[in-house]
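> Before I ask anything, let me first share the structure, which is written out below as structure tokens.
The values are calculated or read from the model by the stated rules, or taken from the named source; none is laboratory data. Fair warning: this is a prediction, and the values are worked out from it, not measured in the lab. Cβ atoms come from the backbone with ideal geometry, glycine included; neighbour counts cover every protein chain shown.
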Amino acid sequence: AGVCQMQAPRHPSSSGVLPGRGLCHRGCFLNALQHAHCGSQLHQHVLTDPSSIYSMDSRELRFSRAMVFAVEEINNSSYLLPGVTLGYQVHDSCSSVPMAVKVAFQLANGLDPMFDTGEECSGSATVTAIVGESASTPTISMLRIIGQFGIPQVSHSSTCACLSDKKQYPTFFRTIPSDQFQAAALAHLIRHFGWTWIGAVRSDSDYGNNGMAAFLQAAQEEGICVEYSEAFSRINSLSRVQRVADVIRSSTAQVVVAFVASGDMRILLEEMDRLPSPPRQWIGSETWVTDPDMLRFGLCAGAIGFGIQRSVIPGLRDFLLDLSPQKVSNSPLLTEFWEGAFGCRLGIGIYLSIHPFIHPSIHSSVCVGVEEKVCDGSEDIQQLQVPYTDTSQLRVTNMVYKAVYAIAHAIHSIVCEERENATVNCDINLHVKPTQVLERLRRVNFSRNGYQVSFDANGDPVATYELVNWQRRESGTMEFVTVGRYDASLPPDQRLDIEREITWVKNSTQIPVSVCSESCPRGTRKAVQKGKPVCCYDCIQCAEGEISNKTGRTIGIEYWPNAERDQCILKPVEFLSFHEVLGIILTACSAGGSCLAIATATVFYRHRTSAIVRANNSELSFLLLFSLALCFLCSLTFIGRPSEWSCMLRHTAFGITFVLCISCVLGKTIVVLMAFRATLPGSNVMKWFGPPQQRLTVVSFTFVQALICTLWLVLSPPFPIKNLTTYKEKIILECDVGSAIGFWAVLGYIGLLALLCFVLAFLARKLPDNFNEAEFITFSMLIFCAVWITFIPAYVSSPGKFTVAVEIFAIITSSFGLFFLLFVPKCFIILFRPEKNTKKHLMEKTSNDIRY
């Protein structure tokens, strides 16, 4: 059949005044009207300005005409629904939820066959799909009804994030992104420009409340504080709107985020314009920030916000301007638009034929005393500058266009099939159910005029926005300028792309500042003021271990603040180095002791046949000198930067060399005791402690220590660490012992051997002094034990590198004690008193000896 078209009858205004003229229309899709003259506002204009009752939103009329254009384009298409003609109905909700609910019930109850221009039109008993509404609240009300019947609804402008809930609204789709994405984009934008102190206003509706809730949550995550959050609606009293305006004027926040519907925003800006207001940087939601009708408010110059991407719809402008007097007179919507736009009447006869339900008495009461200009047909719509004719900023209009095409593609997939010869065959007699269209809409995916159309699991499209800036032309008028883009599908750090310079409030190129407290100077930190948001703070001196530069932060654990506490500097690293004075002294002592041991061994070797060398067990003496040289040298492993190998070597080398040294001393002590015991009658003890047994004793004692060190290294070896706790301002590099049991086992074993050697030497102290060295061994072991007993508390309490110095000092001191007491007297006799280096002198007993 032909195109099914039936224009909606005019609905009376809620005030009940003048039901025929000046009523609120929003075109098609059950769109919500956003006019200040709707409802109760209409009554106050009747007596003062009769022309003011014509308050049609011509932008919404453009949306309805875009739907008609899309339908006719599809009907003339050879690839989309060929042979199938789409019909439509246009209803007006007049921004009234009850009216939207009434229309929803009408659509759910079914459609009667309709006739247009004499051609019969047959169609389905129920509506197949619905495009609209423009506002979220009427959309929600409609979905509560039609959702029960499985009728899909595709909105071009309802952005409330709540509509993405498929459990509540399973039949809802939209071609415009959800406010959830816009809220995140606005928070990202505000943080990008460094604004942390803002004001917020919203429409007291589902759109405003849900959108602002999502924005406030995203803002909190971005560290943004809100000074105030005010809600209002155009149906509120004037005092409520005035109070919101006064809050904005008196606030300290320079940035105002407005999640407001166009009609509500118009009322607020009119109130802001009434009294002088301080300049504010407005951040707008998509609904009003791209509405051309808002550009007349100069106080919003420099406003920025996210809008739907601009688009081009070929042929739409010509379609919109193709309005002949016949077309206008045949359509109540176009008649009302024409008369309001040109300020004339099409003629009383025509007017009454269009509005047969207007009572003549009402008409007469309005027209008395008013001279009306009659439209003579010379009006040129080409010269008309209204939102209806403005196709330079097609944003939401493209959403309408895409919504119609989405429904058409869903129907096409039901009634049509592609054949092998690339032809399309459609079954025009197939009865299409709304539930079928609903199912196919979920899988819609096509491209039209370069724009991709598809829906995710929540019925939402991919969220992409343009960053729109209100800039003044040279003529003084304002225009929308796209300065950037936002794509929610990209990684967070790539979503916002600013392409052009932004003009800010007061036509400034400098980014305005909106903070509760100025940034703290370098070297101070923020202290939150009691009872205020975290963005309001005082500045106090940074605590120890903290700095504050232009960003303000706590420094890393390996860093320390400079004197001004505005920079992080790396903590100095401290360890006992070969290049410092203490390290040089200890290195010199270690090397000197080792050289003395080697020199003594050389002297002993050159006089190896002398009596004093032969009498003091030359083999153990040479081994003892060798071990003493190693003891001196092992202290060098404690100096220098600790490494994994040096940490393991220093402790094991120290433990093994000292046990070798003490084992030699212990062997010499046992030899002295056994030698004098062998002089007693009947004693044959020396055969059990000859040179082989002496070597075995030294090797056995040393092997035990080597076994302890091996277990220590295998199970839990020492390792280098950075000591960050002893000093806050520097790092101490040291070796952790790994296993404390292993460390103290090594020291304990050395102490045990030293104690045993001391006891045996003490028992032999009264033997003839000229022959044996028991008394010297006693004193050497006494010094050795005293040094290491003193070492323990000194080691535990010494800080930093001095811990290592104490250990080196104990090694060198105990080594020198053994060396001086055991070898210096002998070297003195060998070198300076050779007359005493005889067997006779060594066998003599002192006067205080005990005779046997």
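> How about region 494-588: which strands (runs of 3 or more DSSP E) wholly inside it have at least 3 residues that are at pLDDT 75 or above and either farther than 30 Å from residue 476 by Cβ or out of contact with any strand residue (DSSP E or B) (no Cβ under 9 Å at 6 or more places or on another chain) (or both)?
Working: elements: 496-498, 524-528, 537-541, 559-561, 568-570.
Those strands (runs of 3 or more DSSP E) span 524-528, 537-541.
> Report yes if residue 517 is over 30 Å from residue 407 (Cα atoms), touching a Cys at 6+ places or on another chain (Cβ under 8 Å) and either surrounded by 18 or more Cβ atoms within 10 Å (Cβ to Cβ) or of a type in the set (Ser, Thr, Tyr) (or both), otherwise no.
yes
> If you don't mind, there's one more thing I want to ask. Condition (residue is modelled with pLDDT of 80 or more and basic (Lys, Arg)) applied to region 834-848: is it met by at least one residue?
No.
> Could you grab me the full set of residues in region 585-603 that are touching a Leu at 6+ places or on another chain (Cβ under 9 Å), without any contact (Cβ under 8 Å) to a residue 60 or more places away in the chain and not β-branched (Val, Ile, Thr)?
Within region 585-603, 591, 594, 601 qualify.
> Which residues, taken from region 444-480, are touching a Ser or Thr at 6+ places or on another chain (Cβ under 8 Å) and of a type in the set (Val, Ile, Thr)?
444, 453, 462, 464, 468
> Moving on to the next point. With the structure loaded, tell me whether residue 101 is at pLDDT 95 or above and either assigned to a helix (DSSP H, G or I) or on the phi < 0 side of the Ramachandran plot (or both) or whether it fails that test. Lay out the reasoning, then the answer.
Working: at pLDDT 95 or above: no; either assigned to a helix (DSSP H, G or I) or on the phi < 0 side of the Ramachandran plot (or both): yes.
Considered against the rule, which asks whether it is at pLDDT 95 or above and either assigned to a helix (DSSP H, G or I) or on the phi < 0 side of the Ramachandran plot (or both), residue 101 comes out as no.
> Can I ask one more? Report, ordered by the first and then the second residue, all pairs with beta carbons closer than 8 Å, sequence separation of six or more or different chains, a first member in region 775-797 that is in contact (Cβ under 8 Å) with a residue 12 or more places away in the chain and within 13 Å of residue 665 (Cα to Cα), and a second member that is of a type in the set (Lys, Arg) and part of a helix (DSSP H, G or I).
Close Cβ pairs (under 8 Å, with a partner that is of a type in the set (Lys, Arg) and part of a helix (DSSP H, G or I)) amount to 777/668.
> Out of curiosity, is residue 226 among the hydrophobic types (A, V, I, L, M, F, W, C), under 12 Å from residue 199 (Cβ atoms) and in contact with a Phe, Trp or Tyr (Cβ under 7 Å, 6 or more places away or on another chain)?
No, not satisfied.
> Regarding region 670-682, can at least one residue be identified that is at pLDDT 85 or above, closer than 27 Å to residue 821 by Cβ and more than 60 Å from the chain's Cα centre (by Cα)?
no
> Do any residues in region 234-251 that are under 19 Å from residue 300 (Cα atoms) and among the polar types (S, T, N, Q) have Cβ atoms under 8 Å from those of residues that are assigned to a helix (DSSP H, G or I) and at pLDDT 95 or above, where the two are at least six apart or on different chains, and which pairs are they?
Final answer for the pair search is none.
> For residue 477, only one of the following conditions fails: (1) outside the structural domain of residue 291 (by TED's automatic domain parsing); (2) touching a residue at least 40 places away in the same chain (Cβ under 8 Å); (3) not acidic (Asp, Glu). What is its number?
Exception for residue 477: condition (1).
> Quickly run through region 727-764 and pick out the residues that are hydroxyl-bearing (Ser, Thr, Tyr) and touching a residue at least 60 places away in the same chain (Cβ under 8 Å).
727, 749
> Right, something else. Considering only residues of region 635-677 that are surrounded by fewer than 21 Cβ atoms within 10 Å (Cβ to Cβ) and basic (Lys, Arg), which is farthest from residue 739 (Cα to Cα)?
The qualifying residue farthest from residue 739 (Cα to Cα) is 677.
> Filter region 397-439 down to the residues that are basic (Lys, Arg) and in contact with a strand residue (DSSP E or B) (Cβ under 7 Å, 6 or more places away or on another chain), then identify the one that is surrounded by the fewest Cβ atoms within 10 Å (Cβ to Cβ).
419
> Return a yes/no flag: does region 251-273 have any residue that is touching a Leu at 6+ places or on another chain (Cβ under 9 Å), part of a helix (DSSP H, G or I) and surrounded by fewer than 16 Cβ atoms within 10 Å (Cβ to Cβ).
Looking through region 251-273, at least one residue is touching a Leu at 6+ places or on another chain (Cβ under 9 Å), part of a helix (DSSP H, G or I) and surrounded by fewer than 16 Cβ atoms within 10 Å (Cβ to Cβ).
> If you don't mind, there's one more thing I want to ask. Of the residues 198, 248, which single one is in a strand (DSSP E or B) and modelled with pLDDT of 95 or more?
Unique residue meeting the criteria: 198.
> Let me ask another. Return yes or no: is residue 443 under 30 Å from residue 128 (Cα atoms) and surrounded by fewer than 18 Cβ atoms within 10 Å (Cβ to Cβ)?
Here the answer is yes, as residue 443 does meet what is asked.
> Which ones in region 205-233 are outside any helix (DSSP H, G or I), touching a residue at least 60 places away in the same chain (Cβ under 8 Å) and over 26 Å from the mean Cα position of the chain (by Cα)?
Once the filter is applied, which keeps residues that are outside any helix (DSSP H, G or I), touching a residue at least 60 places away in the same chain (Cβ under 8 Å) and over 26 Å from the mean Cα position of the chain (by Cα), region 205-233 yields only 205.
For (1) in the same structural domain as residue 537 (by TED's automatic domain parsing); (2) under 26 Å from residue 138 (Cα atoms); (3) of a type in the set (Gly, Ala, Ser); (4) buried (at least 19 other Cβ atoms within 10 Å of the Cβ), each residue gets a yes or a no:
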| position | (1), (2), (3), (4) |
| --- | --- |
| 192 | no, no, no, no |
| 197 | no, no, no, yes |
| 202 | no, yes, no, yes |
| 206 | no, yes, no, yes |
| 213 | no, yes, yes, no |
| 227 | no, no, no, yes |
| 231 | no, yes, yes, yes |
| 236 | no, yes, no, no |
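Residues are listed down the side, and each one gets a yes or a no for (1) at pLDDT 90 or above; (2) within 24 Å of residue 401 (Cβ to Cβ); (3) more than 46 Å from the chain's Cα centre (by Cα); (4) aromatic (Phe, Trp, Tyr):
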site	(1), (2), (3), (4)
59	no, yes, no, no
82	yes, yes, yes, no
88	no, yes, yes, yes
95	no, yes, no, no
108	no, no, yes, no
117	no, no, yes, no
124	no, yes, yes, no
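The rows are residues; the columns are (1) under 20 Å from residue 73 (Cα atoms); (2) outside the structural domain of residue 149 (by TED's automatic domain parsing); (3) at pLDDT 85 or above.
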residue	(1), (2), (3)
425	yes, no, yes
428	yes, no, no
432	no, no, yes
435	no, no, yes
438	no, no, yes
443	no, no, yes
447	yes, no, yes
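> For region 320-359: of the residues being assigned to a loop (DSSP other than H, G, I, E, B) and at pLDDT 80 or above, which is farthest from residue 387 (Cα to Cα)?
This residue is 346.
> Kindly evaluate residue 453 against the criterion of being surrounded by 12 or more Cβ atoms within 10 Å (Cβ to Cβ) and in a loop (DSSP other than H, G, I, E, B).
The answer is no for residue 453.
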